[in-house]
Amino acid sequence: MELTQENYYTNKASWHYLSVSNYKDFMECEAAALAKLNDEWEPTQSPIALLVGNYVHSYFESEEEHEKFKQENKKEMFSSRSPYGLKKEFQIAQQMIERLEKENMFMNLYEGQKEAIVTGNIYGIDWKAKIDCLNVEEGYFVDIKTNKDLHERRYDTRYNERTTFVERFGYVLQMAVYKELLEQTYDKEFVPIIAGVSKQTPSEARLIALDEDKMNFEMVELKRNIDHIQKVRMGEEKPEMCGKCEYCREYQRINGFTSMDEL
Ligand SMILES: [Zn+2]
């Protein structure tokens with residue numbers, strides 16, 4: 001299957017190729033991820049945080065895409081109660097754009113192919129990825145990540161310590177997979193860069209370098225989990241319910257008692 005900008009996010013494409021976000025869905029809740037892929041269930045409307053991220057992304061993609069985004073999401077972006085029309089979250093999104101634009105180093109780096117699609121095979125499975133900004137000639141790629149506070153740290157059970165948003169949201173794995181797919185495709189090395197911008201006022205902007213050891217750790221974890229996830233995807237193993245997510249709250253039935261310590 002040939003991937004294009006039009007079919008990239010279709011379920012057909014997601015059956016052919018695994019993406020990092022599909023994989024993360026399966027890691028969170030296998031039952032919900034499978035129901036979503038089967039078109040049997042959809043999480044309730046995308047949260048505003050996602051739209052804010054897309055607003056910023058589309059701006060740096062092209063003027064055309066940004067206009068298209070604004071047209072398509074008018075209803076979510078404007079509020080009759082807001083004095084400026086634009087909802088507060090999107091005023092901040094606008095401020096984040098202006099913050100990034102002030103940085104020459106970012107503006108100079110963010111040159112290359114936008115929304116670049118790349119595919120490859122990792123641990124026997126076909127993968128797809130869409131990269132915010134890919135510079136093949138110079139051998140690097142940039143992904144813009146928006147977050148509440150770039151320095152926020154929270155306890156992470158996988159790392160057994162307080163980690164940054166980069167680890168917590170799976171961005172280390174994402175960048176490691178992208179790097180691998182690019183190196184397979186172009187047969188050269190690629191350096192991953194995260195352009196982080198915070199939702200604070202004023203916004204903080206950083207160009208974040210990825211830790212090699214942490215990327216390797218994520219790839220080892222991926223190798224350990226992927227067999228089972230692939231079997232669930234292919235219907236060879238039964239999906240497990242996480243018991244906590246939106247899907248499980250709706251579909252899980254009581255068939256016994258829950259120990260209080262399990263909560
Ligand atoms: Zn669940």
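The values are calculated or read from the model by the stated rules, or taken from the named source; none is laboratory data. Because the structure is predicted, anything quoted here is derived from the model rather than measured. Every residue, glycine among them, receives a Cβ derived from its backbone with ideal geometry; neighbour counts consider all protein chains shown. Note: accessible area is taken over every heavy atom of the protein model, side chains too, but ligands, DNA and RNA are not part of it. Shrake-Rupley method; radii C 1.70, N 1.55, O 1.52, S 1.80 Å.
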key: Lone qualifier among 95, 113, 91 - being open to solvent by 70 Å² or more (accessible area, probe 1.4 Å) and of a type in the set (S, T, N, Q)   = 113
task = For residues that are within 9 Å of the ligand (Cβ to nearest atom) and closer than 21 Å to residue 19 by Cβ, tally how many sit in the stretch 233-262.
result = 5
key: Residue count, the stretch 156-185 (criterion: surrounded by fewer than 18 Cβ atoms within 10 Å (Cβ to Cβ), in contact with a Gly (Cβ under 9 Å, 6 or more places away or on another chain) and closer than 10 Å to residue 214 by Cβ)   = 0
query = If you scan the stretch 219-234, which residues turn out to be loosely packed, with under 13 Cβ neighbours inside 10 Å and either modelled with pLDDT under 95 or in contact with a strand residue (DSSP E or B) (Cβ under 8 Å, 6 or more places away or on another chain) (or both)?
reply = 234
Checking residue 208 against (1) within 22 Å of residue 41 (Cβ to Cβ); (2) away from the ligand (no atom under 16 Å from the Cβ); (3) open to solvent by 20 Å² or more (accessible area, probe 1.4 Å), the condition it does not meet = (1)
Elements of type helices (runs of 4 or more DSSP H) contained in the stretch 1-105, each with 1 or more residues being within 16 Å of the ligand (Cβ to nearest atom) and under 20 Å from residue 125 (Cα atoms) = 20-28, 30-37
ask   = (1) modelled with pLDDT of 95 or more; (2) open to solvent by less than 30 Å² (accessible area, probe 1.4 Å): which one isn't true of residue 77, the others all being true?
value = (1)
request  = Inspect the stretch 38-57 for any residue being without any contact (Cβ under 8 Å) to a residue 40 or more places away in the chain and within 23 Å of residue 118 (Cβ to Cβ) and give the result as yes or no.
outcome  = yes
query = How many residues are open to solvent by less than 70 Å² (accessible area, probe 1.4 Å) and in a loop (DSSP other than H, G, I, E, B) when one looks only at the stretch 186-204?
reply = 5
note = So, first residue closer than 21 Å to residue 207 by Cβ in the stretch 168-186, second residue of a type in the set (Gly, Ala, Ser) and not in a helix (DSSP H, G or I), Cβ within less than 6 Å, six or more apart or across chains; the pairs are 178/129
key: Matching residues in the stretch 86-111 - criterion: being more than 19 Å from residue 200 (Cα to Cα) and not hydrophobic (A, V, I, L, M, F, W, C)   = 104, 108, 110, 111
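Checking the condition among the aliphatic types (A, V, I, L, M) and not in a helix (DSSP H, G or I), which residue from 173, 222, 207 passes?
Exactly one residue qualifies, and that residue is 207.
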message = Tally up the residues in the stretch 138-155 that are outside any loop (DSSP other than H, G, I, E, B) and surrounded by fewer than 14 Cβ atoms within 10 Å (Cβ to Cβ), please.
response = 2
inquiry  = Being touching a residue at least 12 places away in the same chain (Cβ under 8 Å), of a type in the set (A, V, I, L, M) and in contact with a Ser or Thr (Cβ under 6 Å, 6 or more places away or on another chain): is that true of residue 105 here?
reply    = no
